[in-house]
1. Return only the number of the condition from (1) part of a helix (DSSP H, G or I); (2) within 23 Å of the chain's Cα centre (by Cα) that residue 239 does not satisfy.
2. So which of 179, 267 is in contact with a strand residue (DSSP E or B) (Cβ under 8 Å, 6 or more places away or on another chain) and either in a helix (DSSP H, G or I) or touching a residue at least 24 places away in the same chain (Cβ under 8 Å) (or both)?
3. For segment 215-236, name all the residues that are assigned to a helix (DSSP H, G or I) and surrounded by 13 or more Cβ atoms within 10 Å (Cβ to Cβ).
4. With respect to residue 125, is the statement that it is in contact (Cβ under 8 Å) with a residue 60 or more places away in the chain, within 16 Å of residue 61 (Cα to Cα), crowded, with 21+ Cβ neighbours inside 10 Å and in contact with a strand residue (DSSP E or B) (Cβ under 9 Å, 6 or more places away or on another chain) true?
5. Residue 262: touching a helix residue (DSSP H, G or I) at 6+ places or on another chain (Cβ under 8 Å), closer than 30 Å to residue 100 by Cβ and either part of a helix (DSSP H, G or I) or touching a residue at least 60 places away in the same chain (Cβ under 8 Å) (or both), yes or no?
6. When residue 251 is evaluated against the numbered criteria (1) without any contact (Cβ under 8 Å) to a residue 40 or more places away in the chain; (2) part of a helix (DSSP H, G or I); (3) closer than 22 Å to residue 124 by Cβ, which criterion, by number, is the only one it fails?
7. Quick one: which of 8, 58, 15, 87 is touching a helix residue (DSSP H, G or I) at 6+ places or on another chain (Cβ under 9 Å), surrounded by fewer than 17 Cβ atoms within 10 Å (Cβ to Cβ) and farther than 30 Å from residue 313 by Cα?
8. Only one of 128, 88 is in a loop (DSSP other than H, G, I, E, B) and either within 24 Å of residue 176 (Cβ to Cβ) or modelled with pLDDT of 95 or more (or both); which?
C-alpha cells in the first residue's frame with residue numbers, strides 16, 4: 001500500500017487519507033487504482049457502514065491532479081496521462097453510485113481532481129478554510145473530472161461562470177453554488193471524525209450523520225454568500241451564446257458596474273481562449289446529458305486535448321518555467337465553430 005494514500009477501518013467507518021500534504025494532497029496515477037479497488041471492497045464489506053475521505057494536514061483536501069507528472073508524461077509521449085484520465089474518471093463516476101454514505105471532508109484547497117473525488121459524495125463538508133475551484137482554464141485545460149455534470153447543476157449560470165473564469169470560492173459561496181452540502185467549523189473536524197467512527201450499526205448511517213453534523217456546529221445554509229449579490233448579473237452575462245459575447249457584455253457592464261465585473265473581465269483575458277470555449281461548450285452540453293455520457297465526453301476531449309489543446313504551454317508558463325506568459329495557440333477570433341470542430345470532432 002502506498003504511503004501516499006492511507007486506508008483504515010475504525011469502527012464501522014472506512015477512512016481514506018490522501019497523504020501528500022507537502023504537495024497539497026494532489027493525486028498521482030499510482031493512487032487512483034488502490035482508491036477505486038478499496039472502495040469496491042468496502043462496498044461489499046458489511047462491517048463498513050460509511051466511508052470518509054480526507055486530506056492529511058491543514059492546507060488541503062486535494063488540490064487536483066499532479067500537473068507536473070501529467071506534463072512530463074505528455075512531453076515524453078507516454079501513454080500514462082491518458083491512462084490516468086481513464087482511471088480517474090472511472091473512479092469519480094463510481095463514487096456517484098457508491099452504495100454507502102461517502103463523506104468528503106473538504107478542508108483547505110479543493111480543486112480539479114479534488115472535486116472529482118468529492119462531488120459524488122453523499123455528504124460534502126467544507127470548512128471556513130476551504131478554497132474550492134475548477135481552475136483548469138488557468139493552465140490551458142478544460143474543467144473535467146465530471147465538471148460537465150456537476151457545474152450545470154449549480155444555480156442559474158453559476159456553473160458557466162465558474163468553468164470559464166476558474167475563480168475560487170469560499171465555503172459560503174460553494175454552499176450557495178450547490179458544490180458542498182455543509183459547512184463545519186475547522187476546529188470541530190477532529191471531534192466530528194471521532195463521532196462518526198462510533199456510528200451505530202443498527203441505524204442507517206445516512207440517518208445518523210445530519211444530527212452528528214449539527215451537533216458539531218455544522219450548517220447547511222450559507223451566510224451572506226457573495227455569489228448571492230452577484231447572481232443576477234452572472235445569470236445575465238453568462239447566458240450569452242459565446243465566450244466572445246460574454247466578454248463584450250462584461251466590458252459594457254464593467255464601465256459603470258461594481259469592481260468585480262472588471263476584475264472578471266481582466267481575469268478572462270489571461271485565460272486560454274481555447275480552454276474557455278471548450279469549458280462553456282461542455283457545461284452547456286452537460287445540462288442535457290446523464291452522468292455516464294458526461295464522463296465519456298470528457299475522456300474523449302482529454303485524449304485529444306493533450307496534442308491539440310493548450311495544456312502543455314499553460315503548464316510550462318505557470319508551473320515549469322513560471323514566466324507567467326503563456327503563448328496560447330489561438331485567439332478567440334480564430335476559434336470559429338468550424339475550427340473548433342476540426343480540432344475536436346466530438347463538437348460536431
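1. (1) is the only condition that residue 239 fails.
2. Details: 267 fails: in contact with a strand residue (DSSP E or B) (Cβ under 8 Å, 6 or more places away or on another chain).
Checking each option against the conditions leaves just 179.
3. Filtering segment 215-236 for residues assigned to a helix (DSSP H, G or I) gives 215, 226-236.
Passing the criteria: 226, 227, 228, 230, 231, 233, 234, 235, 236.
4. Values: in contact (Cβ under 8 Å) with a residue 60 or more places away in the chain: yes; within 16 Å of residue 61 (Cα to Cα): yes; crowded, with 21+ Cβ neighbours inside 10 Å: yes; in contact with a strand residue (DSSP E or B) (Cβ under 9 Å, 6 or more places away or on another chain): yes.
Yes.
5. Numbers: touching a helix residue (DSSP H, G or I) at 6+ places or on another chain (Cβ under 8 Å): yes; closer than 30 Å to residue 100 by Cβ: no; either part of a helix (DSSP H, G or I) or touching a residue at least 60 places away in the same chain (Cβ under 8 Å) (or both): yes.
Against the criterion (touching a helix residue (DSSP H, G or I) at 6+ places or on another chain (Cβ under 8 Å), closer than 30 Å to residue 100 by Cβ and either part of a helix (DSSP H, G or I) or touching a residue at least 60 places away in the same chain (Cβ under 8 Å) (or both)), residue 262 does not qualify.
6. Among (1) without any contact (Cβ under 8 Å) to a residue 40 or more places away in the chain; (2) part of a helix (DSSP H, G or I); (3) closer than 22 Å to residue 124 by Cβ, residue 251 violates only (3).
7. Details: 8 fails: touching a helix residue (DSSP H, G or I) at 6+ places or on another chain (Cβ under 9 Å); 15 fails: surrounded by fewer than 17 Cβ atoms within 10 Å (Cβ to Cβ); 87 fails: farther than 30 Å from residue 313 by Cα.
Going through 8, 58, 15, 87 in turn, the sole match is 58.
8. On the way: 88 fails: in a loop (DSSP other than H, G, I, E, B).
After applying the criteria, what remains is 128.
The values are calculated or read from the model by the stated rules, or taken from the named source; none is laboratory data. Given the structure is predicted, the values throughout are model-derived calculations rather than measurements. Ideal geometry is used to build each Cβ from the backbone, glycine not excepted, and the neighbour counts take in all protein chains shown.
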